[in-house]
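Undergrad: Okay, handing you the structure first.
The values are calculated or read from the model by the stated rules, or taken from the named source; none is laboratory data. What you see is a predicted model; the values in this text were computed from it and never measured. All Cβ positions, glycine included, derive from the backbone under ideal geometry; neighbour counts span all protein chains shown. With ligands, DNA and RNA removed, areas are computed over all heavy atoms of the protein, side chains included. Shrake-Rupley method; radii C 1.70, N 1.55, O 1.52, S 1.80 Å.
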Amino acid sequence: MSPAPGEISVFEERGRICSLPITEVDIGQNLPGGVMAKYPEINIVRELFHTPSSNLLHRDSGRNLMMPVQESLLKHITRTFFEEGLSSALEEATMSSNSLVKIGAKYCLYLVNAGNNMRYFLRPHLRDRTLASVGKFSETKNWPRSPIRCIRWHPHCFKLAVAASDDSIRVFTDEPSIVPVLKTGLQKGVTSMAWRPFTAGVLAVGCQNGVLLWSLEPNSHITRPLSQATHLKSPNHTPVTSVDWSPNGCNLITASINDSNIVVWDVDMNRSVQLKRIGAPCTQIKWSPDGCRLFSATMGSLFRVWDTGKWTSEQWTVGVGTIQSQAWSPCGTQLVFIITEVPCLYAIHFVEEQVFNNTSLPKQALPVADLTRTNVDGVDVGGRPQQVAWCPYGEHLAVSFSDTSVIAIFSTSIAKHNFNISPSCFLNGLPGEYPTYICFQPRSRRVERVKTVLTIGWSSGRIQYFPFL
């Protein structure tokens, strides 16, 4: 079932989709009883335009007034070293008029390049460690250009964090007049976020410079936090591409496309432990809802499922491509995932002690849904999958795609060892929009009649709430 041309999907009730003409859509009024009126209206592009730009204007005008300064060679090379690294500094030195410095810099640059080539030969995945390659392994569609980089609901209260393309994070609540903005110079290239369970306002942010921990006062009425973020950094562990808290809120785990090891942080004790493995660097991590297992994907065909009781891992491989996105079932016994090169949804069922012990039962991921691109009522749907999200009740599963703009919704159910999935409907946005990020709101009894809400970040910067009533 898909909306008719000129209509947009508004909500789902008892398996039926309600669609309205685009010209009549208003989230707070068109739903029965205005059930979504308490949800904040968010358009990140509009928020960015409304952000005061006086500082930027002064900075640009000041730059035009700056007079060029003649630097000494040593000072210029030193500044280049700190700003751009050793290789760039040596390249500057090779342009020196001093023949001795020029020859010495050329030999040093040759040795540095030879060392880098050897390291890339032994670990070819390190070539893709730059921030420009983050989008390649991000769940966010078109991450470098998307106005919305990440969306994260708080697990216990009505609080929504939205990371924008300007590396700022806005925290929305049911108080529309108060929108805290989290931003600091270290917060560049935001890739992921995670709220700490059982706390009111501790947010972990993965970015180019490592991990930043923000602490928001729950009763604060200011839009800028008084305290700066705590910076967590581990050697060779930047940029951080994935962060997640354990379900009990005790440990924070992080992954980086520059590091094959996963770092487990004990934030309260200010210490960390590495889960060391040899191979391709990690791209994504996700704790199961029961805390018994940990999923980790790599830049290669390998992914692991960890037993968090013994901290041992089981290795799995995909035939082609890499893991693009994954989601755990609410009970933690089912894992679904999608890969970059195959239009298919896969599932792994976990029986207690089966995965981590040698048994006669085969251990394999089973294809459960065909996502091949097709045309339904004149609309292209399916194709290469981009992101998968599972509702907290295990009844609805959403899949977005990298080459089409429609979201596919599946109905799911889990009964003991049986996993059932069937197609339900398709969701579309306004003309010209495509979904960049999707996630479900955790269990919430705050709004009557609303069982769960799919939150969609569209390419226009608009955030839509699609409720299942």
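Undergrad: In whole Å, largest first, what are the principal axis extents of the Cα atoms in the stretch 364-423?
TA: If we take the Cα atoms of the stretch 364-423, the spans are 38, 25, 20 Å.
Undergrad: Which of the residue pairs K136/K188; K75/K102; K141/K183; K286/K451; K276/K310; K38/K451 have a Cα-Cα distance greater than 19 Å in the structure shown?
TA: K141/K183; K286/K451
Undergrad: With a 1.4 Å probe and all protein chains kept in place, how much accessible area does M95 have, in Å² rounded to the nearest 10?
TA: The accessible area of M95 comes to roughly 150 Å².
Undergrad: What ranking, highest mean first, results for peptides 255-263, 141-149 when packing means the other Cβ atoms within 10 Å averaged over each residue?
TA: Answer by packing, highest mean first, reads 255-263, 141-149.
Undergrad: Select from the stretch 421-469 those trypsin sites (Lys or Arg not before Pro) which occupy a DSSP coil region and have at most 16 other Cβ atoms within 10 Å, ordered by residue number. Please list the in-between numbers first.
TA: On the way: sites: R443, R445, R446, R449, K451, R462; in loops: R443, R445, R446, R449, K451.
Those that pass, being in a loop and sparsely packed, are R443, R445, R446, R449.
Undergrad: Using DSSP to call loops (not H, G, I, E or B), can you name the trypsin sites (Lys or Arg not before Pro) in the stretch 247-351 whose Cβ has at most 11 other Cβ atoms within 10 angstrom?
TA: For trypsin sites (Lys or Arg not before Pro) across the stretch 247-351 that sit outside H, G, I, E and B with at most 11 neighbouring Cβ atoms in 10 Å, the list reads K276, K310.
Undergrad: Give me the percent of the accessible area of the stretch 263-398 that comes from carbon and sulfur atoms, probe 1.4 Å, all protein chains in place. Walk me through the intermediate numbers first.
TA: Numbers: 2920 of 5870 Å².
C and S atoms contribute 50 percent here.
Undergrad: OK, next. Kindly give Rg over Rh for the stretch 268-412, based on alpha-carbon atoms, with the Kirkwood expression for the hydrodynamic radius.
TA: 1.00
Undergrad: Provide the convex hull volume over Cα atoms per residue for the stretch 193-349, in Å³.
TA: Expressed per residue, the convex hull around the Cα atoms of the stretch 193-349 is 131 Å³.
Undergrad: Counting pairs of alpha carbon atoms under 8 Å apart in space and at least six apart in sequence, what relative contact order in percent does the stretch 396-469 give?
TA: This gives 21 percent for the stretch 396-469.
Undergrad: How far apart, in nm, are two points set 7 Å out from the Cα along the Cα-to-Cβ line at A37 and at L86?
TA: The answer from the label model is 6.4 nm.
Undergrad: Keeping all protein chains in the complex and leaving out DNA, RNA and ligands, what accessible area do you get for Y107 with a 1.4 Å probe, in Å² to the nearest 10?
TA: Near enough 150 Å² of accessible area.
Undergrad: Please work out, to two decimal places, the log10 of the ratio I(q)/I(0) at q = 0.16, 0.17, 0.20, 0.30 Å⁻¹ from a Debye calculation in which every Cα of the stretch 413-469 carries one identical scatterer.
TA: Rounded to two decimals, the profile gives -0.66, -0.73, -0.89, -1.15.
Undergrad: Okay, moving on. Find the centroid of the Cα atoms in the stretch 233-312 and in the stretch 368-396, then give the distance between the two in whole Å.
TA: 28 Å
Undergrad: Using a simple charge model, +1 on the beta-carbon of Lys and Arg, -1 on the beta-carbon of Asp and Glu, nothing else, what dipole does the stretch 134-187 show about its Cα centre, in debye to the nearest 20?
TA: In total the dipole reaches around 240 debye.
Undergrad: Let me ask you something else. Report the percentage of all Cα-Cα pairs in the stretch 280-352 whose separation exceeds 15 Å, rounded to a whole percent.
TA: For the stretch 280-352, the share of Cα pairs beyond 15 Å comes to 50 percent.
Undergrad: In debye to the nearest 20, how big a dipole does the stretch 362-469 give about its Cα centre with +1 on each Lys and Arg Cβ and -1 on each Asp and Glu Cβ?
TA: The dipole magnitude comes to about 540 debye.
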